[in-house]
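Participant: Handing you a structure now.
The values are calculated or read from the model by the stated rules, or taken from the named source; none is laboratory data. Given the structure is predicted, the values throughout are model-derived calculations rather than measurements. A quick note on method: Cβ atoms are made from the backbone with ideal geometry, for glycine too, and the neighbour counts reach across all protein chains shown.
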Amino acid sequence: MTTDNHSHANVLIPEVGLRVKALESLLAEKKAIDPAALDLIIETFETQMGPKNGAKVVAKAWTDPKYRSWLLEDGTAAIKSLGYIGVQGENMVALENTPTVHNVVVCTLCSCYPWPTLGLPPIWFKSAPYRARVVIEPRSVLKEFGLDVPDDVEVRVWDSTAELRYLVLPMRPSGTENLTEQELAALVTRDSMIGTGVAQSPSH
Amino acid sequence: MNGIHDVGGKHGFGPVLVEQNEPYFHEEWEGRMLSMMIACFAAGIYNVDQFRHPIEKMDPRHYLMSSYYEKWLCTVEQNCIDAGIVTRAEVDARHAQLMEGKAA
């Protein structure tokens, strides 16, 4: 075990947080970046980005058929119309889940993820096991997420690129006919928009 | 290039491990790294392809064991060196200085 730890220490950057600090302080001294701008970027991520944005897109698509068509036809424009645009969300494609098709998204080469609509990706999305396995055994991976896709439902796996990002439009749960758009948005989980989950039912 | 980053379809990585209620950042430096990555991108120090290239050239052992934010440090540092903004020696020296300060 000691040997193992020793080899890990050799591979990883020692005191990585201090190296980040070292680089930041040098870039600030050389006026390449403004530390105050860095604070603002972190705050923006913590307060304005995240799956609640994507959930609003989905809830609107569930309640407004015209918006739904637009979203499926031109995801970038339809999502932009709600204000969710920016780095890592420049080109968006919405994938419609139906009773016969279930979509799931990965980035096998990297960790490309639609930041404006979903925020920062969870660690599992960036991990080698997810990226390696979901493209060859999606049903097994989905089962581990508690999602048992019936055999007669086709599973489509979408591999993101540096320029193109996907948002899964999950199916609207039954028993939600009387809910408002806001109440519907609360049922839309992050995983349902990646495709490793489905929207929650109202009784959940 | 088909380096270690090209993991799609490879066997042997084990189960997908999901952390419940995962925080946005596990350590403060991860947030600094994220914002530095975006600020340098906005400043035009690299484009998307230039950003990805040093990650894809990482030592395979380092690639597989490091967090994404550590990978970002590798590429932002390399790109800033390539752009002539800092030198490796400067970063090494400042890093060593900060580590000494912590140890003292």
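Participant: Would you say B:Phe13 is hydrophobic (A, V, I, L, M, F, W, C) and within 23 Å of A:Ala37 (Cα to Cα)?
Facilitator: Considered against the rule, which asks whether it is hydrophobic (A, V, I, L, M, F, W, C) and within 23 Å of A:Ala37 (Cα to Cα), B:Phe13 comes out as no.
Participant: If you scan the range A:105-138, which residues turn out to be more than 12 Å from every other protein chain (Cβ to nearest Cβ) and in contact with a helix residue (DSSP H, G or I) (Cβ under 6 Å, 6 or more places away or on another chain)?
Facilitator: Within the range A:105-138, A:Val105, A:Thr117, A:Leu118 qualify.
Participant: Right, another one. Consider A:Tyr113 against the criteria (1) assigned to a helix (DSSP H, G or I); (2) under 30 Å from A:Thr180 (Cβ atoms); (3) in contact with a strand residue (DSSP E or B) (Cβ under 9 Å, 6 or more places away or on another chain): it satisfies all of them except one. Which criterion is unmet?
Facilitator: It is condition (1) that A:Tyr113 fails.
Participant: For the range B:18-61, which residues satisfy the criterion of being part of a loop (DSSP other than H, G, I, E, B) and among the aliphatic types (A, V, I, L, M)?
Facilitator: B:Val18, B:Ala43, B:Ile45, B:Met58
Participant: Then there's this: Going through A:Thr196, A:Thr161, A:Thr180, A:Thr189 one at a time, which residue ends up being β-branched (Val, Ile, Thr), modelled with pLDDT of 95 or more, on the phi < 0 side of the Ramachandran plot and more than 13 Å from the chain's Cα centre (by Cα)?
Facilitator: It is A:Thr180.
Participant: Of everything in the range A:17-40, what is buried (at least 21 other Cβ atoms within 10 Å of the Cβ) and either assigned to a helix (DSSP H, G or I) or not β-branched (Val, Ile, Thr) (or both)? Give them in sequence order.
Facilitator: Correct list: A:Arg19, A:Val20, A:Ala22, A:Leu23, A:Glu24, A:Leu26, A:Leu27, A:Leu38.
Participant: Also, I was wondering about something else. Say we look at the range B:47-104 and pick out the residues that are crowded, with 17+ Cβ neighbours inside 10 Å, more than 7 Å from chain A (Cβ to nearest Cβ) and charged (D, E, K, R); which of these is farthest from A:Asn10 (Cα to Cα)?
Facilitator: For the range B:47-104, the residue satisfying everything is B:Glu56.
Participant: Consider only pairs whose beta carbons are under 8 Å apart and that are at least six residues apart or on different chains; among these, list those whose first residue lies in the range A:136-163 and is touching a residue at least 12 places away in the same chain (Cβ under 8 Å) and surrounded by 14 or more Cβ atoms within 10 Å (Cβ to Cβ) and whose second residue is assigned to a loop (DSSP other than H, G, I, E, B) and among the acidic types (Asp, Glu).
Facilitator: Every condition considered, the pairs that remain are A:Leu142/A:Asp148.
Participant: Turning to a different aspect of this structure: Just to verify a result, which residue in the range A:72-102, among those that are in contact with a Leu (Cβ under 6 Å, 6 or more places away or on another chain) and either surrounded by fewer than 20 Cβ atoms within 10 Å (Cβ to Cβ) or assigned to a loop (DSSP other than H, G, I, E, B) (or both), is farthest from the other protein chains (Cβ to nearest Cβ)?
Facilitator: Across the range A:72-102, the extreme among qualifying residues is A:Glu96.
Participant: Counting only residues that are more than 29 Å from A:Lys21 (Cβ to Cβ) and of a type in the set (S, T, N, Q), which one in the range B:1-58 is nearest to the chain's Cα centre (by Cα)?
Facilitator: B:Asn2
Participant: Still on this structure, please answer the following. On the given criteria, is A:Ile41 at pLDDT below 95 and away from every other protein chain (no Cβ under 14 Å)?
Facilitator: no
Participant: Moving to a separate point now. Kindly establish whether A:Pro14 is surrounded by fewer than 13 Cβ atoms within 10 Å (Cβ to Cβ) and within 14 Å of another protein chain (Cβ to nearest Cβ).
Facilitator: yes
Participant: Of the residues A:Val141, A:Val155, only one is within 12 Å of another protein chain (Cβ to nearest Cβ) and in contact with a helix residue (DSSP H, G or I) (Cβ under 6 Å, 6 or more places away or on another chain); which?
Facilitator: A:Val141
Participant: Further question: When you look at A:Val188, is it in contact (Cβ under 8 Å) with a residue 12 or more places away in the chain and either surrounded by fewer than 14 Cβ atoms within 10 Å (Cβ to Cβ) or part of a strand (DSSP E or B) (or both), yes or no?
Facilitator: The answer is no for A:Val188.
Participant: Restricted to the range A:103-135, and to residues that are closer than 23 Å to B:Met58 by Cα and touching a residue at least 60 places away in the same chain (Cβ under 8 Å), which residue is surrounded by the most Cβ atoms within 10 Å (Cβ to Cβ)?
Facilitator: So the residue we want is A:Phe125.
Participant: Name the residues in the range A:45-55 that are farther than 14 Å from A:Met92 by Cβ and assigned to a helix (DSSP H, G or I), would you?
Facilitator: If the condition is that a residue be farther than 14 Å from A:Met92 by Cβ and assigned to a helix (DSSP H, G or I), then A:Phe45, A:Glu46, A:Thr47, A:Gln48, A:Pro51, A:Lys52, A:Ala55 are the ones that fit.
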